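Report on the following structure.
Read-outs: derived from the displayed coordinates by stated rules, not from any lab. Just so you know, these numbers come straight off a predicted model, no measurement behind them. Cβ coordinates were reconstructed from backbone atoms using ideal geometry, including for glycine residues, and neighbour counts include every protein chain displayed.
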Amino acid sequence: MFKTTPMAKIRITGLKSSMKATIDILYALKIMHLVDFSKNGTGFLDIGTPFMEAKELSESLVKIDSIVSFYGLRGKPKKIENFYEAKKFFEKVFEEFSGASAKIASAKAREAELRQRLADPMNKIKIDRKYLREYDNISVFTGITKKQLGQALQGHEIQFRLVEEKTGENYAIVLFVQKKDTEKARTILLNSGFSEQAIPEGFSEEKILEELAAVEKETLQAKEFLEKFGKKNSQFLLAYKFFLRELNEKAETPLRFGVSQSTFVATGFVPKKTIKELKNRLESSVGETVHIDFSDSLENAPIKLNNPKIVKPFELFLDLYTMPSYREIDPSFLMAITFPIFFGFMLGDVGYGIIMLAIFGFLAFKAKGQLKGFSRILIWSALSSVFFGFVFGELFGAEFIEPLLNRVHEPTQVLGVAIAIGFVHINIGLLVGFYNELKNHGLKKAILAKLGWIAFESGIVLLALDALQIAQIGMIPGAIVVLVSIAMLYMGEGARGLVELPSIFSNMLSYSRLFAVGLSSVSIALVVNQMAGSLWEAGIVGMIGAIVILVIGHILNTALGLLGCSLHSLRLHYVEFFGKFFKGGGQKFVPFGQIKEN
């Protein structure tokens with residue numbers, strides 16, 4: 001808690017003949033964060049090449065990925081015991097899946113072709129094809145026009161015979177004219193938006209519909225087969241995918257190592273508490289063919305957060321933002337306290353808190369992954385909302401007990417509490433920043449850069465107390481403290497510290513949103529209650545309308561409260577709080593061999 005897991009840098013050097021065994025051990029232990037080998041300045045070392053089986057494994061992985069993606073399979077896989085039996089079975093599975101998929105693709109292509117033939121507008125022309133031959137004295141035009149052609153041809157002293165059928169907004173036509181009128185007819189056709197199309201040969205709507213029904217049946221049967229096939233083999237497919245991924249990752253791991261003609265070098269980081277376990281496993285498996293060096297050089301060390309179970313869900317907020325650097329305090333524990341407080345202060349309603357508690361209690365029980373973690377965060381936030389609901393005396397916006405703080409009738413008092421919370425929160429951030437500076441840059445820098453801000457605030461408070469005649473201390477003590485603090489900040493942070501002097505107060509005022517967001521929520525609740533109350537006296541219909549308004553209105557207000565309170569609470573942490581101590585930029589610890597579910 002507060003501190004990240006202590007790390008040690010590790011360098012494993014060994015004979016190439018032991019590389020595969022070493023990789024297997026590292027993968028099984030899942031405790032080493034590998035650092036990819038860089039050739040810069042390494043002299044005789046080069047980047048390794050994958051093991052021979054990598055190509056075949058990659059190809060198999062692509063095949064199974066396509067099937068797993070097709071079925072949308074997810075979850076934790078079971079273990080594959082016998083690779084060769086599993087490989088043989090998968091080849092059979094892939095062949096059956098590919099065959100069914102090919103049938104569907106072929107049937108769909110044929111279906112599209114048949115529907116296209118069926119939809120061809122020229123099929124509407126009912127004329128014996130023997131009349132569509134070439135004549136000595138007659139020209140024949142077949143195709144589609146955008147305008148009705150009969151009227152366009154009349155009045156041009158052209159003798160013609162026209163067969164015309166409307167097809168949607170266009171017209172399918174067959175036009176017979178004398179050879180001498182061919183060009184006149186062509187001009188009229190072009191002005192009518194004519195496009196030449198032939199009448200399909202051998203068209204039989206009845207036969208096409210029969211074939212279409214057969215193709216659709218074939219497609220349905222293939223889809224039903226694939227559905228049953230997927231249910232039957234889903235566990236195996238998921239397990240085999242993860243097994244192949246493991247084998248493939250191991251086979252390609254040499255790409256992350258440095259190698260010479262006979263040796264290999266792997267570098268990375270491990271938690272300090274696992275050093276003994278790693279040494280024992282390697283020594284018992286590969287003996288003296290591998291040598292291990294440990295170093296306290298922690299430049300670019302990955303970050304593994306170390307929090308109790310109750311705080312773990314709040315690590316999600318750092319995943320969304322950035323990991324702390326190795327020598328920084330992990331703020332997860334602080335957020336586990338202050339995020340629910342801010343959320344509850346803003347929402348502050350017993351009814352809304354109970355609704356959220358029920359919803360996210362259920363999700364925390366049913367959901368998995370990040371949604372489960374986020375649900376646990378919101379359970380604490382909902383409990384905080386219930387607590388502050390009693391403080392404000394609010395139940396769905398209505399005052400149900402005598403409040404300790406009244407947001408509606410005593411807004412100035414509640415606003416003052418919100419800004420006081422901001423004052424405390426920001427100064428906690430400055431104290432954490434003092435610790436970070438102490439660890440990274442020494443006592444002098446910590447005092448100047450962080451305590452300088454606290455001294456500046458103290459000086460302003462002294463000046464304010466005297467100006468408001470709360471305490472008769474004179475202006476000089478406060479002015480001296482302010483001037484000394486400004487000098488401290490300049491020495492500790494340079495010109496940037498002076499430029500940011502006004503920000504300390506704007507940051508505190510930003511906490512007024514704790515009051516503003518809460519006031520907007522209770523205002524909406526009061527409006528909903530008033531609308532429902534005005535309908536309640538209007539008989540049965542009015543009562544039903546009032547209930548509908550109450551249910552929909554308060555559900556929407558709960559959703560708005562959830563969204564607004566979460567976002568504003570996060571903003572206060574990310575901007576106002578983290579800005580006082582948190583630099584971040586750390587790389588998350590990802591142990592080699594860690595399985596990611598997808």
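Observations on the structure shown:
- Helix-only [θ]222 nm of the chain, DSSP H runs n ≥ 4, -39500 (n - 2.57) each, per residue, nearest 500: -19500 deg cm²/dmol
- The chain: DSSP helices with Cα axial extent of at least 18 Å and average Kyte-Doolittle hydropathy no lower than 1.0: 332-347, 350-366, 369-392, 452-467, 475-493, 513-536, 539-571
- Given +1 at the Cβ of Lys and Arg, -1 at the Cβ of Asp and Glu and no other charges, the dipole of region 121-202 around its Cα centre is 80 debye to the nearest 20.
- Region 312-580, dipole about Cα centre (Lys/Arg Cβ +1, Asp/Glu Cβ -1), debye to the nearest 20: 880
- Residue among LEU238, ASN191, VAL35 farthest towards the positive dipole end of the chain, charges placed on Cβ: VAL35
- Relative exposure of MET491, MET32, judged by other C-beta atoms within 10 Å (fewest first): MET491, MET32
- When the Cα positions of VAL417, ALA367, GLY393 are compared along the charge dipole of region 351-422, ALA367 comes out farthest toward the positive end, with charges on each C-beta of Lys, Arg, Asp and Glu.
- Shape category assigned to region 121-202 from the gyration tensor of Cα positions, a/c cut at 1.5: oblate
- Shape of region 312-580, Cα gyration tensor, a/c cut at 1.5: oblate
- Rounded if a/c under 1.5, otherwise prolate or oblate - the chain, Cα gyration tensor axes: oblate
- Legend: ranking of residues TYR435, TYR171, TYR352, TYR27 from fewest to most surrounding C-beta atoms inside 10 Å; resulting order TYR435, TYR27, TYR171, TYR352.
- Lysine pairs in region 121-202 with Cα atoms under 13 Å, if 8 or more residues apart or on separate chains: 4
- In Å, descending, principal axis extents of the Cα set of region 229-315: 52, 45, 26
- Plainly put, region 452-501 has a radius of gyration that is 1.06 times its Kirkwood radius, both from alpha-carbon atoms, as the Rg/Rh ratio.
- Surrounding net charge for LEU334, when Lys and Arg each add one and Asp and Glu each subtract one, Cβ distance under 15 Å: -1
- If you take the Cα centroid of region 266-281 and the Cα centroid of region 80-94, the two points sit 34 Å apart.
- Ordering SER520, SER385, SER375, SER66 from the fewest to the most neighbouring beta carbons within 10 Å gives SER66, SER520, SER375, SER385.
- Between ALA495, LEU247, LEU318, the Cα set farthest toward the positive side of the dipole of the chain (charges on each charged residue's Cβ, about the Cα centre) is that of LEU247.
- Across the cross-link table entries LYS55/LYS108; LYS276/LYS368; LYS304/LYS445; LYS272/LYS309; LYS78/LYS279, which are compared at the Cα atoms, the separations over 24 Å belong to LYS55/LYS108; LYS276/LYS368; LYS304/LYS445; LYS78/LYS279.
- In terms of packing, defined here as the mean over residues of other Cβ atoms within 10 angstrom, the peptides 80-91, 296-307, 317-328 line up highest first as 317-328, 296-307, 80-91.
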